[in-house]
Amino acid sequence: MGKRKAQTANNIKEAKKTQYFAKLNNCPTSPRKMRLVADLVRGMSVEKAAGVLQYSKKHAAGRIEKLLWSAIHNFEAKSGERWDNSNLYIKEIFVNQSRTLKRMQPAPQGRAYRIRKRSNHVTLVLDKQNTK
């Protein structure tokens, strides 16, 4: 590896040490349904987002709530601070499409309908809110 690539890799590694995030890969929910829940909590404080997700009727809310708690525990492990004293908020949350499983369903007159079982990747980034 060249010097420039190695230095860039080290800079990225150092930046990730101060970034608090969690990722959920290959979640078997369609990205469209997951984005509806992600849009609900984007930019909220952690306490408020946890409450919204806990009482939401959407199936995807349970998965995002679990991901939120994972990000909170990552924050505690990296910084050594308690999450309830540190004004955390959801800085970024985004949903990307993952693999699609293609299945066939029998249809009338010898035909077959294609069923696409979609999945997604979710990334959640936390940050401290500046108090002035």
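Can you confirm whether region 112-126 contains a residue that is among the aliphatic types (A, V, I, L, M), assigned to a helix (DSSP H, G or I), surrounded by fewer than 17 Cβ atoms within 10 Å (Cβ to Cβ) and touching a Leu at 6+ places or on another chain (Cβ under 9 Å)? Scanning region 112-126 turns up no residue that is among the aliphatic types (A, V, I, L, M), assigned to a helix (DSSP H, G or I), surrounded by fewer than 17 Cβ atoms within 10 Å (Cβ to Cβ) and touching a Leu at 6+ places or on another chain (Cβ under 9 Å).
Here the condition is being within 11 Å of the chain's Cα centre (by Cα) and aliphatic (A, V, I, L, M); of 77, 71, it holds for 71 alone. On the stretch given as region 17-33, residues that are surrounded by 11 or more Cβ atoms within 10 Å (Cβ to Cβ) and assigned to a helix (DSSP H, G or I) total 3. Residues of region 45-80 that are surrounded by fewer than 17 Cβ atoms within 10 Å (Cβ to Cβ), among the hydroxyl-bearing types (Ser, Thr, Tyr) and without any contact (Cβ under 8 Å) to a residue 60 or more places away in the chain: 55, 70, 79. Any chance region 50-69 includes a residue that's within 30 Å of residue 13 (Cβ to Cβ), touching a strand residue (DSSP E or B) at 6+ places or on another chain (Cβ under 8 Å), assigned to a helix (DSSP H, G or I) and aromatic (Phe, Trp, Tyr)? There is no residue in region 50-69 that is within 30 Å of residue 13 (Cβ to Cβ), touching a strand residue (DSSP E or B) at 6+ places or on another chain (Cβ under 8 Å), assigned to a helix (DSSP H, G or I) and aromatic (Phe, Trp, Tyr). Within the set 132, 66, 91, the sole residue that is within 23 Å of residue 34 (Cα to Cα) and modelled with pLDDT under 95 turns out to be 91.
The values are calculated or read from the model by the stated rules, or taken from the named source; none is laboratory data. Bear in mind that the values here come from a model prediction, so they are computed numbers and not experimental data. Cβ coordinates were reconstructed from backbone atoms using ideal geometry, including for glycine residues, and neighbour counts include every protein chain displayed.
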